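Enquirer: First the structure, which I've put down as structure tokens, then a few questions once you've had a look.
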Amino acid sequence: MDSRTVLYFIIAAVVALVIIGAMVWFATRRRQREHLRQRFGPEYEHAVAERGDERRAVAELQAREKRVAELHIRPLEAAERERAAGAWKSVQARFVDDPPGVVSDADRLIGEVMAARGYPMADFEQRAADLSVQHAGVVTNYRAAHDIAERSRAGRASTEDLRQSMVHYRSLFAELVGEEPVRHQEEVRVDESTRRTSDR
């Protein structure tokens with residue numbers, strides 16, 4: 001085998017290695033994206049829209065996973081769940097009399113439950129980002145409910161908006177406490193009353 005043939009063989013081997021390396025790299029990236037898309041659901045698209053670029057969104061979501069893995073998130077103990085459920089029932093029961101105040105209290109209660117579980121109480125966007133790692137299915141609800149609560153503080157939320165905010169908060173609360181809260185009679189009255197109000 002002459003030197004030219006050897007050189008061609010070496011070049012072909014290097015090119016093949018580069019192609020194989022590129023294929024492995026693209027396959028790994030594809031698997032990472034698919035993992036994140038499945039784990040985060042709609043939050044994946046939200047991150048892409050926020051970052052304006054899928055590569056940056058992937059880096060952001062991976063950073064969230066790493067950050068939350070280093071936190072000491074824990075489930076609530078039975079007594080804590082019971083207290084939280086009682087507090088939720090009390091808040092929900094007052095909706096008919098004071099919808100804006102109840103939404104504000106629900107927002108505060110969600111924060112208290114998150115803190116009890118070990119989530120850092122940073123600004124809202126950081127809380128939502130942290131929550132999205134383990135509760136991606138309801139983080140959209142959290143954002144929607146919080147947005148309505150903010151509009152309510154500015155006097156720009158209707159009773160129907162506030163009712164919808166409570167529906168969002170309730171689904172988030174259920175996930176945070178680790179069980180579906182019992183639909184108390186007071187909650188049924190809240191839904192029925194607010195629907196009647198919005199139909200007028």
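Enquirer: For a quick check of your reading of the filter: which trypsin sites (Lys or Arg not before Pro) in the stretch 103-175 sit in a DSSP loop and have no more than 15 other Cβ atoms within 10 Å?
Expert: In loop regions of the stretch 103-175 (DSSP not H, G, I, E or B), the sparsely surrounded trypsin sites (Lys or Arg not before Pro) are Arg156.
Enquirer: Further, regarding this structure: Using each residue's phi in the stretch 103-109, evaluate 6.51 cos²θ - 1.76 cosθ + 1.60 at θ = phi - 60° and report the 3J(HN,Hα) Karplus result to the nearest Hz, with x for Gly and Pro.
Expert: Working through the residues one at a time gives 4, 4, 5, 5, 4, 5, 5 Hz.
Enquirer: Right, next: Given (1) 143; (2) 157; (3) 110 as candidate values of volume of the Cα convex hull per residue in Å³, which corresponds to the one derived from the coordinates?
Expert: Looking at volume of the Cα convex hull per residue in Å³ for this model, the match is (2).
Enquirer: Moving to a separate point now. Rounded to the nearest 20 debye, what is the charge dipole size of the chain about its Cα centre when +1 sits on each Lys and Arg Cβ and -1 on each Asp and Glu Cβ?
Expert: Computed about the Cα centre, the dipole is about 540 debye.
Enquirer: In Å and on Cα atoms, what radius of gyration and Dmax does the stretch 3-69 show?
Expert: In Å, with Rg to one decimal and Dmax whole: 18.4, 58.
Enquirer: Out of every Cα pair in the stretch 49-159, what percent are spaced more than 20 Å from each other?
Expert: Value for the stretch 49-159 (Cα pairs over 20 Å): 50 percent.
Enquirer: To the nearest 10 degrees, how steeply does helix 42-51 sit against the main Cα axis of the chain, on a 0 to 90 scale?
Expert: In the chain, helix 42-51 runs at an angle near 70 degrees to the longest axis.
Enquirer: Another question, if that's okay. State, as an integer percentage, the relative contact order of the chain based on alpha-carbon contacts under 8 Å between residues 6 or more apart.
Expert: Dividing the mean separation by the residue count of the chain yields 22 percent.
Enquirer: Using only the alpha-carbon atoms, how far is helix 185-199 inclined from the longest principal axis of the chain? Give it as 0 to 90 degrees, nearest 10.
Expert: With both axes taken from Cα atoms, the answer is about 90 degrees.
Enquirer: Let me ask something else about it. Specify the angular offset, from 0 to 90 degrees and rounded to the nearest 10, of the alpha carbon long axis of helix 78-93 from the longest principal axis of the alpha carbons in the chain.
Expert: So the helix axis and the longest Cα principal axis differ by about 60 degrees.
Values quoted throughout were computed directly from the atomic coordinates according to the rules given, and no laboratory measurement underlies them. All of these numbers come straight from a predicted model, not from anything done at the bench. Heads up, the Cβs are rebuilt from the backbone with ideal geometry, glycines too, and the neighbour counts pull from every protein chain shown.
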